[in-house]
Amino acid sequence: MTHMTAVAEAPDSGTGQAWAALGGDPALLDRVDGGGPAGLLPARLPVMELARSTVAVCSLAAAELAACRTGGAVQRVRVDDGAVATAFLSERHLRIDGRAPTTFAPLSRFWRTADGWVRTHANYPHHRARLLAALGLAADAGADTAAAVLAERRAVEVEETVYAAGGLAVALRTPRQWAAHEQGAAIAARPLLTLDRTEGPAAVAPRRPAPLPASPLLPAAGLRVLDLTRVLAGPVATRTLALLGADVLRIDAPRLPESQDAHNDTGFGKRSVSLDLGDRADRATFDELLAAADVLVTGYRPGSLEAYGLTPEELAVRRPGLVLAQVSAWGRYGPWQERRGFDSLVQVATGIAAAEGDAGAPGALPAQALDHGTGYLLAAGVLRALTGQHHDGGSRLLRLALGQTAHWLCDGLAQAPAASGASQPYDAEKYLATADSALGRLRYALPPVAFAGGPADWSRPPGRLGADEPKWRTTTA
């Protein structure tokens with residue numbers, strides 16, 4: 001067993017900062033225990049501190065909600081750096097019958113331009129098609145052809161041209177250039193996250209806690225979560241809520257199916273259905289699900305779901321008492337608020353890739369830490385919102401952005417001091433498990449969120465995308 005030591009989390013530590021952003025009671029920080037191998041997720045920026053802190057506050061929020069529902073004390077939280085680092089690389093550790101999943105497509109990479117570098121994202125077929133069309137290339141063009149075209153163009157010109165065509169490309173910027181950019185300045189002026197109370201035409205009474213199973217202690221048991229998210233932060237959050245007992249129903253549009261390999265990593269504990277919100281029958285089914293949901297988590301580009309009446313104002317009227325959690329790439333402000341984005345692109349725009357690079361070439365963080373870290377913050381925010389509802393009711397609106405997490409990493413966090421004494425050796429296998437599924441034999445990273453009496457693993461492995469019935473299976477909490 002990994003040795004855990006009691007740690008006094010200072011208010012200015014990463015955990016203290018994140019817990020304060022979530023509105024948590026600072027007195028609970030002394031419930032956090034830490035330990036595990038040292039030197040993991042090495043980087044120039046404090047990546048391990050970000051990873052450790054986001055998992056810590058998620059675990060603490062889970063323990064707090066469990067205490068709220070049982071009437072007992074907040075249990076101690078265990079943060080094992082080995083488990084955290086392994087989970088932040090969960091997509092790399094995943095195996096399906098021994099096969100490693102596909103992660104980045106050939107056209108998702110850095111490219112030299114006439115004046116610098118640009119990074120593109122083309123993992124999805126529609127993004128690949130838009131990228132090639134914006135560059136004036138044939139649909140079957142390969143990397144060599146694209147490289148030749150990009151080498152003759154300016155990075156910012158490529159960025160604007162590709163985004164105008166609905167694709168994804170971001171010019172490499174230094175931290176100073178990003179700070180001077182209008183979007184960078186907008187992000188820097190805002191907090192790490194926002195968690196606000198919202199009300200419809202009538203006040204919503206406090207939730208009445210339902211009894212929880214004694215073992216394992218599942219603070220989200222009986223809660224219904226609609227998951228309208230895509231790679232990677234949103235699915236990490238809802239995977240965590242599923243771990244904690246929530247009935248999580250993932251919904252994808254038939255015209256925009258998710259990668260099965262991605263779902264094999266983030267679909268643990270969930271069920272998956274296919275619904276087209278533009279179809280009358282499917283929309284009616286979705287509205288029935290929403291009417292009984294406790295939480296709605298969205299991860300699509302801002303503006304894309306509002307057309308279906310999924311604004312905070314309309315939802316407060318349609319589903320009083322709902323927790324609405326929204327995650328985006330760039331935030332819902334500034335000139336980039338409606339742009340698509342992924343972790344890799346946010347790293348490039350915000351100066352992270354420049355800071356981690358060498359000899360004029362861009363670099364990258366050792367994990368998709370913006371996605372994973374934001375995912376655990378998102379889950380923590382949902383849990384804290386549910387705790388708040390037990391006290392004073394109401395609807396809640398939670399908002400996070402990868403760009404905000406990037407700003408926190410670059411300008412808010414400090415490298416944690418090295419632990420004294422002998423370091424424990426790191427063996428990833430210690431933090432991995434296997435399970436049989438409809439997809440084959442899975443090897444996967446165990447969840448890092450842990451507290452005394454809580455679950456050690458998910459209740460079920462992921463299944464095939466869209467294969468489940470669009471109905472709830474639990475009673476509401």
Note on the stretch 21-37: residues surrounded by fewer than 17 Cβ atoms within 10 Å (Cβ to Cβ) and not charged (D, E, K, R) are Gly23, Pro26, Ala27
Within the stretch 58-102, restricting to residues that are touching a Ser or Thr at 6+ places or on another chain (Cβ under 9 Å) and among the hydroxyl-bearing types (Ser, Thr, Tyr), the one that is nearest to Gly14 (Cα to Cα) is Ser90
Hey, could you check the stretch 198-250 for residues that are assigned to a strand (DSSP E or B) and open to solvent by 10 Å² or more (accessible area, probe 1.4 Å) and say which is nearest to Leu378 (Cα to Cα)?
Arg224
What do you reckon, is Ala169 touching a Phe, Trp or Tyr at 6+ places or on another chain (Cβ under 9 Å), at pLDDT 95 or above, closer than 27 Å to Thr350 by Cα and open to solvent by 40 Å² or more (accessible area, probe 1.4 Å)?
no
Options Thr54, Thr102; residue that is in contact (Cβ under 8 Å) with a residue 60 or more places away in the chain, in a helix (DSSP H, G or I) and of a type in the set (Val, Ile, Thr):
Thr54
Within the stretch 178-187, is there a residue that is in contact with a Gly (Cβ under 9 Å, 6 or more places away or on another chain), at pLDDT 95 or above, within 30 Å of Glu314 (Cβ to Cβ) and among the small types (Gly, Ala, Ser)?
yes
Starting from the stretch 289-302, keep only residues that are free of Cβ contacts under 8 Å to residues at least 40 places away in the same chain and within 28 Å of Tyr163 (Cα to Cα), then list their pairs with residues that are open to solvent by 10 Å² or more (accessible area, probe 1.4 Å) and among the acidic types (Asp, Glu) whose Cβ atoms are within a distance under 6 Å, requiring at least 6 positions of separation or different chains.
Pro302/Glu338
Subset of the stretch 357-366 [touching a helix residue (DSSP H, G or I) at 6+ places or on another chain (Cβ under 8 Å) and either within 17 Å of Arg399 (Cα to Cα) or open to solvent by less than 40 Å² (accessible area, probe 1.4 Å) (or both)]
Pro362, Gly363, Leu365, Pro366
Extreme residue, least open to solvent (accessible area, probe 1.4 Å), among residues of the stretch 70-102 that are more than 26 Å from Asp265 (Cα to Cα) and touching a helix residue (DSSP H, G or I) at 6+ places or on another chain (Cβ under 7 Å):
Val74
Taking the stretch 57-82 as the region of interest, how many residues are in contact (Cβ under 8 Å) with a residue 60 or more places away in the chain, closer than 19 Å to Pro216 by Cα and out of contact with any strand residue (DSSP E or B) (no Cβ under 7 Å at 6 or more places or on another chain)?
9
Being over 24 Å from Leu377 (Cβ atoms) and open to solvent by less than 20 Å² (accessible area, probe 1.4 Å) narrows it down to one of Gly394, Gly403, Gly463, so name that one.
Gly463
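The values are calculated or read from the model by the stated rules, or taken from the named source; none is laboratory data. Nothing here was measured: the structure is a model prediction, and the numbers come from that model. We place every Cβ from the backbone using ideal geometry, glycine too, and count neighbours over all the protein chains shown. To get the accessible areas, we keep the full protein, side chains included, count just its heavy atoms, and leave off ligands, DNA and RNA. Shrake-Rupley method; radii C 1.70, N 1.55, O 1.52, S 1.80 Å.
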